[in-house]
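> Okay, here's the structure, questions in a sec.
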Amino acid sequence: MKKIIIGNWKMNKNLYETKDFLLSFLKKKINNNIKICLAIPFPFLEKSVNLCKDSLIEIIAQNMHHCDKGNFTGEVSVEMIKSIGIKTVIIGHSERRNFFYEDNNIIYKKIKKAIKNNIKIILCIGENLKERNKNKYLNKIYNQLKYINIIDKSFIKNNNFIIAYEPIWSIGTGKIANIEQIKEIFVYIKEIISSKFNDEKIIKNIPILYGGSINSKSSILLNYSLKENTDGCLIGKSSLEIEEFLKIIKLYS
């Protein structure tokens, strides 16, 4: 299985900055054993898809609404992103959960909508500092995954589902979970998947990524612990600068 590196730009870069980044990035030599995805802001998705159409870089969406259409000012539907060539969407990012109050009910409505439209899903999960300190973090992970069995096995076996674990207490703080903490969560995620599907083979078809304050100087990445124990990573701020992003990609190559 290829390692997966996802750059989530969030609400950063204008059209000209996006174009300059992509044109420069496309000139770089990247090992083809790495799958690169870039989650570009909505206004620039179509332009980005066209710029990268003949490359190994996949442009993906940061979010989508769970309804097909309607009176939802400022929202974007799955049909809209499909119509411009988007095949993958991030669902349940901690910032969507925290700042826009997306609960598990909404998250799973989005998952069902994505599955119906054959859109690949990157599901983000993770606990906050309070939940970690009160030893309730495993409960939080379970609650975020307890309805995972609504996903058809064939959808998963076609490599359409990815889980990204992001400890919320690490995002944007410069802190990073140690390898034992990450291993514990990854083992627990696999246990949940196994129990929900009663199919050990399903585990092999669900890549599990790590996200949270990753940069090229992270000791956990430099000593290859993260590379060896995860299927890739979801990167925020460090994906906004080409050279920094390339350093992380190289460390995973």
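The values are calculated or read from the model by the stated rules, or taken from the named source; none is laboratory data. Bear in mind that the values here come from a model prediction, so they are computed numbers and not experimental data. Note that each Cβ is placed from the backbone with ideal geometry, even for glycine, and that neighbours are counted across all protein chains shown.
> Return the only residue of K113, K82, K120 being touching a His at 6+ places or on another chain (Cβ under 8 Å) and surrounded by 16 or more Cβ atoms within 10 Å (Cβ to Cβ).
On the way: K82 fails: touching a His at 6+ places or on another chain (Cβ under 8 Å); K120 fails: touching a His at 6+ places or on another chain (Cβ under 8 Å).
Checking each option against the conditions leaves just K113.
> Looking at K10, K35 in this structure, which one is within 21 Å of the chain's Cα centre (by Cα), modelled with pLDDT of 95 or more and at positive phi?
Just one listed residue meets the conditions, K10.
> What number of residues within segment 205-230 satisfy the criterion of being under 16 Å from I249 (Cα atoms) and assigned to a loop (DSSP other than H, G, I, E, B)?
10
> Evaluate the following for F197: is it modelled with pLDDT of 90 or more, over 26 Å from F25 (Cβ atoms) and among the hydrophobic types (A, V, I, L, M, F, W, C)? Step through it out loud before you land on a result.
Numbers: modelled with pLDDT of 90 or more: yes; over 26 Å from F25 (Cβ atoms): yes; among the hydrophobic types (A, V, I, L, M, F, W, C): yes.
Taking the combined requirement at face value, the residue satisfies it.
> Does I202 satisfy being of a type in the set (V, I, T), crowded, with 17+ Cβ neighbours inside 10 Å, in contact with a helix residue (DSSP H, G or I) (Cβ under 7 Å, 6 or more places away or on another chain) and part of a loop (DSSP other than H, G, I, E, B)?
no
> OK, next. Has segment 231-246 got any residue that is part of a helix (DSSP H, G or I), touching a Lys or Arg at 6+ places or on another chain (Cβ under 7 Å) and at pLDDT 95 or above?
yes
> Filter segment 13-24 down to residues that are on the phi < 0 side of the Ramachandran plot and touching a residue at least 60 places away in the same chain (Cβ under 8 Å) and give me whichever is surrounded by the most Cβ atoms within 10 Å (Cβ to Cβ).
Filtering segment 13-24 down to residues on the phi < 0 side of the Ramachandran plot leaves 14-24.
Retained after the next criterion (residues that are touching a residue at least 60 places away in the same chain (Cβ under 8 Å)): 21, 24.
On the way: F21: 22, S24: 11.
Per the stated criteria, the residue is F21.
> Which one of these is charged (D, E, K, R) and free of Cβ contacts under 8 Å to residues at least 40 places away in the same chain: K29, K35?
Within the list K29, K35, the selection yields K29.
> Could you run through segment 1-47 and say how many residues are more than 26 Å from N159 (Cα to Cα), part of a loop (DSSP other than H, G, I, E, B) and of a type in the set (S, T, N, Q)?
Selection size over segment 1-47: 2.
> Considering segment 25-52 alone, what residues qualify as being exposed (fewer than 13 other Cβ atoms within 10 Å of the Cβ), of a type in the set (D, E, K, R) and more than 23 Å from M1 (Cα to Cα)?
Once the filter is applied, which keeps residues that are exposed (fewer than 13 other Cβ atoms within 10 Å of the Cβ), of a type in the set (D, E, K, R) and more than 23 Å from M1 (Cα to Cα), segment 25-52 yields only K27.
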